[in-house]
Every structure is written in structure tokens, then in C-alpha cells.
1. Residues of the range 86-101 being under 20 Å from Lys20 (Cα atoms) and not β-branched (Val, Ile, Thr), which ones?
2. Looking only at the range 25-52, filter to residues that are among the acidic types (Asp, Glu) and more than 17 Å from Gln122 (Cα to Cα); which one of those is nearest to the chain's Cα centre (by Cα)?
3. Only residues that are crowded, with 17+ Cβ neighbours inside 10 Å, in contact with a Leu (Cβ under 8 Å, 6 or more places away or on another chain) and of a type outside the set (D, E, K, R): list them for the range 111-134, please.
4. Please work out which residue is surrounded by the most Cβ atoms within 10 Å (Cβ to Cβ), limiting yourself to the range 67-110 and to residues that are part of a loop (DSSP other than H, G, I, E, B) and in contact with a Phe, Trp or Tyr (Cβ under 9 Å, 6 or more places away or on another chain).
5. Which one of Leu131, Leu106, Leu47 is more than 18 Å from Gln16 (Cβ to Cβ) and touching a residue at least 24 places away in the same chain (Cβ under 8 Å)?
6. Looking at (1) among the polar types (S, T, N, Q); (2) in contact (Cβ under 8 Å) with a residue 40 or more places away in the chain; (3) under 17 Å from Leu44 (Cβ atoms), find the lone condition where Gln122 falls short.
7. Any idea which residue in the range 11-53 is modelled with the lowest pLDDT, counting only those that are surrounded by 13 or more Cβ atoms within 10 Å (Cβ to Cβ) and in a loop (DSSP other than H, G, I, E, B)?
8. Quick check, is Leu64 surrounded by 21 or more Cβ atoms within 10 Å (Cβ to Cβ) and within 17 Å of Cys14 (Cβ to Cβ)?
Amino acid sequence: MTEIEKDLNNTDKCIQTLMKISCVVSSENTKAQNAVNEIADSLLGKLLHGTDERTMATISNSILVHIGLLKSEDKVKPVADPSGPMLVLSHVVKQSYFPKLARDILQVFFGRPHERLDKCQQSKHLLLQSLYQV
């Protein structure tokens, strides 16, 4: 975890790391999901502590880029399968450290039809449920 914590000043790098780690998560493997959720809580809890609105928008943007819903100016390659990251996000968005502004932004983008998301309906459904429950 210390290597990851070195990147806490680089929002995009933190989100990229979280998205890569989240790719191992599946709805069938609760052990992996719980482990990644703990990492996400630790990483994002520290990253989001005392952030301003600009940083919150940057975090939302970075998540959307790494999942493949927005294009990046830096040629970021999105994760191959967004289902794992969406399962982790369904946990993350319910946490008190995750800002309402970021939730609202994600709600707009994940609520729209998109071919990347339509391939993983179960994960998308769980994330949208979480976004609307909070």
C-alpha cells in the first residue's frame, strides 16, 4: 500500500490504480470484492479528505475516463471490462467520504445508454441502485 500512497497527490494516478485493481472483482468473488473495497476506502478516503470542488470534479472525470465513458487528452486507455470497477464504485459511492457532487456527475453518465456499459448490465444496475439510494 505504501507505493500507492506515494501517488496521493496525483488524483489521476490514484484513480488509475484503483481501476486496475478493481478489474479483479466479480460478483461471484466476494472475497476479492471485499479486499478491493477496503483498498478503495483507504485510498479514496485519504485522497478525498478536505478536497475542494475542483478536485471532486477531477476525480469524477478521471473515473469516467478510466471506465471509457469520456475520452482523455492524455490518451488514457480505459479498462477492458468495466464491470469490476463498477462493482467497486457501487460500494464507494455509498461511503461518507465520497462527495455528493461526484455522485451526481456519475449518476448522469451511468444513467445514459452506452455500449461499454450495456455489456455489463448487472454491474451497471447495482451501481445505479447505489447512486440513487444515497
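1. First, pick out the residues of the range 86-101 that are under 20 Å from Lys20 (Cα atoms): 86-93, 98.
Those that are under 20 Å from Lys20 (Cα atoms) and not β-branched (Val, Ile, Thr): Met86, Leu87, Leu89, Ser90, His91, Phe98.
2. To start, the set of residues in the range 25-52 that are among the acidic types (Asp, Glu) comprises 28, 38, 41, 52.
With more than 17 Å from Gln122 (Cα to Cα) added as a condition, the list becomes 38, 41, 52.
Numbers: Glu38: 13, Asp41: 11, Asp52: 18 Å.
Once the filter is applied, the top-ranked residue is Asp41.
3. Listed by number, the residues that qualify are Leu117, Ser123, Leu126, Leu127, Ser130, Leu131.
4. Our first condition is that a residue be part of a loop (DSSP other than H, G, I, E, B); within the range 67-110, this holds for 68-82, 93-99.
From what is left, the residues that are in contact with a Phe, Trp or Tyr (Cβ under 9 Å, 6 or more places away or on another chain) are 69-70.
Working: Leu69: 18, Leu70: 15.
Residue satisfying both the conditions and the ranking: Leu69.
5. Values: Leu106 fails: more than 18 Å from Gln16 (Cβ to Cβ); Leu47 fails: more than 18 Å from Gln16 (Cβ to Cβ).
The match here is Leu131.
6. For Gln122, the exception is condition (3).
7. Just the residues of the range 11-53 that are surrounded by 13 or more Cβ atoms within 10 Å (Cβ to Cβ), to begin with: 11-27, 29, 32-33, 35-37, 39-48, 51.
Narrowing the set further to residues that are in a loop (DSSP other than H, G, I, E, B) leaves 23-27, 29, 51.
Working: Cys23: 93, Val24: 92, Val25: 94, Ser26: 91, Ser27: 87, Asn29: 91, Thr51: 72.
Only one residue fits best here, namely Thr51.
8. Values: surrounded by 21 or more Cβ atoms within 10 Å (Cβ to Cβ): no; within 17 Å of Cys14 (Cβ to Cβ): yes.
Taking the combined requirement at face value, the residue does not satisfy it.
The values are calculated or read from the model by the stated rules, or taken from the named source; none is laboratory data. If you're wondering where the values come from, they're calculated on a predicted model, not measured in any experiment. All Cβ positions, glycine included, derive from the backbone under ideal geometry; neighbour counts span all protein chains shown.
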